[in-house]
Amino acid sequence: MFDVIRIPAFKDNYIWLLRKGAAAAVVDPGDARPVLEVLERESLTLASILVTHHHADHQGGVAGLLARHPAEVFGPASESITGITRPLSGGETIRLPALGVEFRVLAVPGHTLGHLAYHGSGCLFCGDTMFGAGCGRLFEGTPAQMYDSLMRLASMPDQTAVYCAHEYTESNLRFAQTVEPGNGQLRQRVDEVGAARADGRATVPSTIALEKATNPFLRCGEPEIVASVQRKEPDVRSSVEVFAVLREWKNRF
């Protein structure tokens, strides 16, 4: 099994570095500099780069890393990302020999149309599809696409560790409490996350179980959430319609 190192970048991004022995892989390197610093400090050789989607804060560091480490680069075939050597569409299983691990590749359109997630060894690297208590904005996809993508992720084993790409949990929880104030597990998570952030600690990874219990975008059939949405849009019925209203509500929250 590999270790996972959290590398903060920009204002609130996380780059994830996977380490086994002297070998490393990195997920969504928006900035090469902090990754290169870790590789040098830990005497690691970068073997693989995994990219979830084309936004610059997720792939802007690929060229800088390749200039120093001739790694293979996995990423969405349908998106314009310089440096990809292994284009993927979802449904593949990829192997990282240097780390002795396999990942199942999932197509999770919504945030972008070609967005991918990588699942293996009890870990889910989901980019900007699912966040702690939230989900990504719909820059390219439809509400139906994003809701289907989230349901696919939510169907994973409860203990799966969710490595999203941003530290958004605290602000997402404020919205979640507005939507579902009667959720006791949500109130407990608010307290725990508040204490963590006050101490300067990260709130991710979370787990699929925790997200299913507290993330409103995975709970679109819950009566309290449906009632909250119907106070805004009385004619909403289906879970996809509930999701669409929630996402627009969050955009303006």
| said: Need the list of lysines near Lys11 for cross-linking: C-alpha distance under 23 angstrom, and skip anything on the same chain fewer than eight residues off. | reply: Lys250
| said: Tell me the angle of helix 169-179 to the major Cα principal axis of the chain, expressed in degrees between 0 and 90 and rounded to the nearest ten. | reply: 20
| task | Would you mind working out the magnitude of the charge dipole of the chain relative to its Cα centre, with +1 at each Lys and Arg C-beta and -1 at each Asp and Glu C-beta, to the nearest 20 Debye? | result | 100
| request: With everything on Cα atoms, drop me the angle between helix 239-251 and the longest principal axis of the chain, reported from 0 to 90° to the nearest 10. | output: 80
| Size of charge dipole - region 162-218 - debye, nearest 20, with Cβ of Lys, Arg +1 and Asp, Glu -1, no other charges | 60
| remark: Taking alpha-carbon centroids only, region 174-253 lies from region 72-101 a number of Å equal to 32
| task | Take Phe103, Phe2, Phe139 and order them by how many other Cβ atoms sit within 10 Å, fewest up front. | result | Phe139, Phe2, Phe103
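Each value in this text was obtained by applying a stated rule to the coordinates, not by laboratory testing. From a predicted model like this one, the values you see are computed outputs, not experimental measurements. Ideal geometry is used to build each Cβ from the backbone, glycine not excepted, and the neighbour counts take in all protein chains shown.
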